[in-house]
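Working notes for the structure below.
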Ligand code: FAD
């Protein structure tokens, strides 16, 4: 008879692992759980199976049911299809971790490198319906009970990372935090980190905006000057706060009176504003330069956006007042006791950023050859296509690219000729920037890494192998 005693130490450790709320604690409780169950997390091929065998606990079983359902999908061929593939993933943001999970399900050895040692981003992301369905399938609710309850369709970046980190670890992904990738030939910081010895044949960059490895080129889409402000206030979880309605997006063209009143009463001139209630009260808005200058937030006008929004040209106290005023007004002055939440540096969590230019990588993949060996390189997330925050495209397109990348690695693992692997990846990439919640397939529960399950019209051969031969097959790694 198996011990189902709630005081069983491994059950208690599992509960802690599931509930814990910081990156460090997740890693600590996971390592203790492995130690207690005498499991080696580096034994990536059989780790998950052994964990299930040794942790005979009803709460864990409810989780295994979810993960097994995903893992049993035919695309993964029972984790055998990439059994010999070794993948290095740069970045433990949402898209890097989501990719790592898919690669692990394919049976690959997956090592993730993350330069930060904590998950501290309070900002809240709006999710497209398919991503909510996807995350539910990964048991998000077991790790975060409040996940998209009722009509809620958003989650903080840190909470999303925590969920994906936990799933990654359970599936045998090695996640190294506090390790910075500095370049090819395993240049890491700290330079003696054991991950530096990892030999890989697939490299996935998920390093966020503009972190693109050598060999990739950018396209720039430049619009009119657009200045964003994000701010987070402490959520005291009081009854009064609970009653304040969220603003899922109000834009100037749809509610001119609201913006006119805001300008008249507060001197604040906005294009749009969003308010989500999560662990914090999160606001994001687009502000007009003229009002930022008038309110003393921006000290001097410059045509160059970097100079305009550079630290030296921003009065931080005025920025806090501006953000506070906009948040207070837009919630009808009903949010009591508005104190700024703190960011990773212990400062009020308010940021101003420029999103005038959107970048997009010209290609999603490359193959580098060195001494007869081939390295497949792929981009996912913001470093592939920079998102446009008012449309909430970041996670949705980021996850689509994660699945497309896993499909590419699957073909690689199956031994498909490398030119064909890259040509197919580029054919699929052509569709990414056009995706909207309306034009992707609606059968979300059938979504898999197979592009045909997600895109309505996909031609895997729209780009031919001979078209990528000269641009995406590079010799030698520098
Ligand atoms: P990131 O989250 O940036 O993660 C990259 C990771 O790589 C980081 O953890 C970083 O530390 C690590 N890293 C970088 N370089 C190295 C290195 N050399 N070595 C090791 N590690 C490294 N998206 C939505 O879907 N919905 C929204 O509503 C939404 N709103 C937004 C509002 C604003 C104001 C902004 C700015 C963005 C918004 N986004 C939204 C976009 C969303 O935040 C991003 O798309 C998402 O966080 C990208 O995830 P990622 O994994 O690609 O990159």
Notebook entry, point to check: Which one of these is outside any loop (DSSP other than H, G, I, E, B), out of contact with any strand residue (DSSP E or B) (no Cβ under 6 Å at 6 or more places or on another chain) and modelled with pLDDT of 95 or more: 286, 264?
Noted result: 264
Check: For region 408-421, how many residues are in contact with a helix residue (DSSP H, G or I) (Cβ under 8 Å, 6 or more places away or on another chain) and either farther than 19 Å from residue 461 by Cβ or buried (at least 24 other Cβ atoms within 10 Å of the Cβ) (or both)?
Finding: 5
Next item on the list: Kindly indicate whether residue 401 is part of a helix (DSSP H, G or I), surrounded by 20 or more Cβ atoms within 10 Å (Cβ to Cβ) and within 16 Å of the ligand (Cβ to nearest atom).
Entry: yes
Next item on the list: Scan region 368-390 for residues that are more than 16 Å from the ligand (Cβ to nearest atom) and in contact with a strand residue (DSSP E or B) (Cβ under 8 Å, 6 or more places away or on another chain) and report the count.
Entry: 6
Next item on the list: Could you tell me whether region 161-175 includes any residue that is assigned to a strand (DSSP E or B) and within 10 Å of the ligand (Cβ to nearest atom)?
Entry: no
Checklist line | Total residues in region 368-380, condition at pLDDT below 95 and assigned to a strand (DSSP E or B) | finding: 6
Next item on the list: Return yes when residue 38 is surrounded by fewer than 12 Cβ atoms within 10 Å (Cβ to Cβ), assigned to a loop (DSSP other than H, G, I, E, B) and assigned by TED's automatic domain parsing to the domain that holds residue 174 and no when it is not.
Entry: yes
Item checked: Yes/no for residue 252 being more than 12 Å from the ligand (Cβ to nearest atom), in contact with a helix residue (DSSP H, G or I) (Cβ under 8 Å, 6 or more places away or on another chain) and modelled with pLDDT under 95 -> yes
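Conditions (1) in a strand (DSSP E or B); (2) buried (at least 18 other Cβ atoms within 10 Å of the Cβ), marked per residue:
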residue	(1), (2)
119	no, yes
125	yes, yes
130	no, yes
141	no, no
149	no, no
152	no, no
158	no, yes
Note to self: Looking at region 264-291 only, could you name the residues that are more than 16 Å from the ligand (Cβ to nearest atom) and either at positive phi or surrounded by 15 or more Cβ atoms within 10 Å (Cβ to Cβ) (or both)?
What the structure shows: 266, 267, 268, 269, 288, 289, 291
Checklist line | Which numbered condition residue 238 fails, given (1) over 23 Å from residue 124 (Cα atoms); (2) surrounded by fewer than 19 Cβ atoms within 10 Å (Cβ to Cβ) | finding: (1)
Next item on the list: Considering (1) within 13 Å of the ligand (Cβ to nearest atom); (2) surrounded by 19 or more Cβ atoms within 10 Å (Cβ to Cβ); (3) part of a helix (DSSP H, G or I), say which one residue 352 fails and leave the rest.
Entry: (3)
Note to self: So for region 327-343 (the condition being more than 22 Å from residue 154 (Cα to Cα), assigned to a helix (DSSP H, G or I) and more than 14 Å from the ligand (Cβ to nearest atom)), does at least one residue qualify?
What the structure shows: yes
Next item on the list: Might you check whether a residue that is assigned by TED's automatic domain parsing to the domain that holds residue 19, on the phi < 0 side of the Ramachandran plot, surrounded by 15 or more Cβ atoms within 10 Å (Cβ to Cβ) and in contact with a strand residue (DSSP E or B) (Cβ under 9 Å, 6 or more places away or on another chain) occurs anywhere in region 56-79?
Entry: no
Check: Where residues in region 87-101 are within 11 Å of residue 114 (Cβ to Cβ) and in a helix (DSSP H, G or I), which of them is farthest from the ligand (Cβ to nearest atom)?
Finding: 100
Margin query: Please count how many residues of region 355-367 are in contact with a helix residue (DSSP H, G or I) (Cβ under 7 Å, 6 or more places away or on another chain) and in a loop (DSSP other than H, G, I, E, B).
Written below: 4
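The values are calculated or read from the model by the stated rules, or taken from the named source; none is laboratory data. Source: prediction; values computed, not measured. When we count neighbours, we look across all protein chains shown, and the Cβ atoms used for this are built from the backbone with ideal geometry, even at glycine.
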